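Scroll down for the structure; my scribbles are underneath it.
Every number in this text was worked out from the coordinates using simple rules, so none of it is lab data. As the structure is a prediction and not an experimental result, all values here were calculated from the model. Glycine also receives a Cβ, built like all others from the backbone with ideal geometry; neighbour counts cover every protein chain displayed.
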Amino acid sequence: MGSRNIAEVSKLTLGKLGDWQQQTLASLPDEMQQLAKTLFKNLTETLQPLLELGLDYLTLARDGNTLSTGELQRIQLAKTIRTETTGVLYVLDEPSIGLHPDNLKGLVNVFRKLIAQGNSLVVVDHDVDMIAAADWVIEIGPGSGAAGGQIIATGTPRALTNNPNSLIGPFLAGRATIMHPKVPTAKNGSSLDTEMKIQDYFNLKQLKITIPGNQITAVTGFSGAGKTSLILDSLVPAIQAHASRERLPQQVTQLKTKFTNVVSVDAKPVGKNTRSTLATYTTIMDQLRTLFAAQPAAKQQQLGRAAFSYNNKQGACPNCGGVGTITLDVQYLPDVVETCPVCHGTQYKDVVQQIRWHGYSIVDILNMSVKTALPVFAELPKIEQQLQLLTDIGLDYLHLGESTPSLSGGEAQRLKLVSHLKKRQTKTLFVFDEPSVGLHPKDVQTLLGVLNQLKKRGATIIIITHDLDLMANVDYMIDLGPRGGDQGGQLMAAGNPRELVKEPTSITLQYLRQHFKKFGLLHENADKA
């Protein structure tokens, strides 16, 4: 049909299916026209919400296991629109994740259709444009962790812009400070510039890119524009191959670099199991075990370092094995998890909990937040240094005994950087994929502080992002487009974002220009609007 078999049609992107429909309809005999129009009408109605949600780059044959969380959520939303439910409360968690600013309009349009059908939506999101499109906002804060949990502001987005208690209000109004103080590039930074040429690869056209040394580069563009193919599938393996003197990936035709190491920082959970905590991941736990084992009472009880680990039977509660909870097998019902009745969730034997250092047991310390623990260990440099690093990356609200697999993606990314912030990183390239996912705009400023700390240590940084605040702060920007899928893969712009927005050559840069203008960062001599 339409000169294509079913396998070829399955490989078409959703955006290309409309053209195929028209070609097919024109090629069919008269007796099939009515049937084809009915079928294609149903297909168009199914496709429309998917296209509005920015999924035009996906193919019908795309493996479901390769879809991101955001893509799956949007596909479910599109299906919901077709179902035409009424009287349903939909709860969505971060639906804007992975969306280009231009696709947010389509997402909000889908939300409005659901409301028009008689439904209600509760959307948990940090995106300022998403919040601005809401009818009512409930803001929780004022801080994170123990410092949060209070409703600090409610009302329409407009009302929040004038509410002194609101933290998001200044961002909605364009009054907030979104620019982070700049860290200068090292004098020898340009000697670390990396150049790469690639031939056609997936939707990428022949490209040549430069990654400036000791600078922060943002790689931007619509979903499906080729950002992952360019950086994670080409540049990263090429540098790794170059460092180990192996053959470059087939699509990479030329590489000039001095990097000897690449660190990809993703949002995957930290720690291999549920027993991994902030203290064990940062090695603070090792210091604590040594500290408590050195106390006179511990020596008297013959409690060595092993006794102060809940992963060792010498110190772990014998009833729960150091987990702090027990699982009850209830027949015909899901297992019930309860606090251990012996250790009451502390994970340790009672004899271990009796050992004190400055009046604190090891359980007391693991229940402390980083902020609380910092002055307690002011005279112990090895522990104090680790706590200060956690504070510097904005994780001072976490407890030392907090389970690392339970951390958010943004928290996990920052925690992974702790060991890298201790030493020079001159020949290391750090690559962050969507580092601002799940972050409040104020937390983006903390993230920028962390990135600048890496830059101070000589690192070169690449961030793949849709976040306009991040784009506004980087030293260099590589924008792919013009859109996603078959319409992507081209280099739309490269350079300093503050210069690029003066003559925007892409949709991304148009949105960034509006962002600069909203926050009063677009100088009049550059404003030709």
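What angle do you read, to the nearest 10 degrees and between 0 and 90, between the alpha-carbon axis of helix 17-27 and the longest principal axis of the chain?
Computed tilt is about 30 degrees.
Can you tell me the Rg and Dmax of the range 376-529, counting just the alpha carbons, in angstroms?
Using the Cα atoms of the range 376-529, the pair Rg, Dmax is 18.3, 60 Å.
Rank these for me by crowding, 25, 53, 255, 333, going from fewest to most other beta carbons within 10 Å.
Starting with the residue having the fewest Cβ neighbours, the order is 333, 25, 255, 53.
Can you tell me the orientation of helix 381-392 relative to the chain, as the angle in degrees between its alpha-carbon axis and the longest Cα principal axis, to the nearest 10?
Value to nearest ten degrees: 30.
Quickly rank 426-433, 351-358, 461-468 as a protection proxy: mean count of other C-beta atoms within 10 Å, highest first.
461-468, 426-433, 351-358
Given the Cα-Cα distance of residue 327 and residue 156 and 0.36 nm per residue of separation, how much length would full extension add, in nm?
Stretched out fully, the residue 327 to residue 156 stretch lengthens by 57.1 nm.
For residue 197, list the aspartates and glutamates whose Cα falls under 15 Å from its own Cα; do not include residues on the same chain fewer than 8 positions away.
Straight-distance partners of residue 197: 233.
Can you compute the charge dipole magnitude of the chain about its Cα centre, using +1 on each Lys and Arg Cβ and -1 on each Asp and Glu Cβ, nothing else charged? Give it in debye, rounded to the nearest 20.
Charge dipole of the chain: 1680 debye, to the nearest 20.
Helix-only mean residue ellipticity at 222 nm, the chain, DSSP H runs n ≥ 4 weighted -39,500 (n - 2.57), per residue, nearest 500. What is it?
-10000 deg cm²/dmol
Among 269, 128, 164, which residue has its Cα furthest toward the positive end of the charge dipole of the chain, with +1 on Lys/Arg Cβ and -1 on Asp/Glu Cβ?
The residue sitting most towards the positive pole is 269.
Can you list residues from other chains, or at least 5 along the same chain, whose modelled amide H is less than 5 Å from the amide H of residue 253?
For residue 253, the qualifying residues are 197, 198, 199.
May I ask you to sort 62, 245 by Cβ crowding, counting other Cβ atoms within 10 Å and putting the fewest first?
Sorted ascending by nearby Cβ count, the order is 245, 62.
Quick one: net charge of residue 26's neighbours, Cβ under 14 Å, K/R +1, D/E -1?
So the surrounding residues net to 0.
Starting from the range 248-354, pick out the trypsin sites (Lys or Arg not before Pro) whose DSSP state is loop and whose Cβ has at most 16 other Cβ atoms within 10 Å.
Details: sites: 256, 258, 272, 275, 289, 299, 305, 313, 349; in loops: 258, 272, 275, 313, 349.
Here the sparse-neighbourhood loop sites are 258, 272, 313.
Which entries in 187/258; 382/422; 182/456; 105/205 show an alpha-carbon gap greater than 19 Å?
Pairs exceeding the cut-off: 105/205.
Work through the residues other than residue 482 whose Cβ is under 14 Å from its Cβ and net out their charges, Lys, Arg +1 and Asp, Glu -1.
Its environment carries a net charge of -1.
When N counts the residues of the chain, how does its alpha-carbon radius of gyration compare numerically with 2.2 N^0.38 Å, as a ratio?
This ratio for the chain stands at 1.13.
With a point put 7 Å past each Cα toward its Cβ, work out how far residue 358 is from residue 191 in nm, to one decimal.
The answer from the label model is 4.4 nm.
Show me the ranking of peptides 199-207, 41-49 by mean Cβ neighbours inside 10 Å, starting with the highest.
On the way: 199-207: 16.3, 41-49: 14.7.
Ranking the peptides 199-207, 41-49 by packing returns 199-207, 41-49.
How far apart, in nm, are two points set 7 Å out from the Cα along the Cα-to-Cβ line at residue 301 and at residue 382?
2.2 nm
For the range 1-15, list residues with backbone N below 16 Å from a point placed 7 Å from the Cα of residue 61 toward its Cβ?
So the set is 1, 3-15.
Does anyone have the angle between helix 441-456 and the longest principal axis of the chain? Alpha-carbon axes, 0 to 90°, nearest 10?
Value to nearest ten degrees: 80.
Give the aspartates and glutamates reachable from residue 256 as a straight Cα distance under 14 Å; neighbours fewer than 8 places away on the same chain don't count.
Straight-distance partners of residue 256: 193, 195.
Only residues of the range 367-390 count here: report those whose backbone N is under 18 Å from the spot 7 Å along Cα→Cβ of residue 311, or say none.
367
How much FRET efficiency would the formula 1/(1 + (r/R0)^6) give for residue 274 and residue 335, where r is the Cβ-Cβ distance and R0 is 22 Å, rounded to 0.05?
0.90
Would you mind ranking 369, 10 by Cβ crowding within 10 Å, fewest neighbours first?
Listing 369, 10 from fewest to most nearby Cβ atoms yields 10, 369.
Go through 137-145, 472-480, 112-120 and give me the packing order, highest mean Cβ count within 10 Å leading.
472-480, 137-145, 112-120
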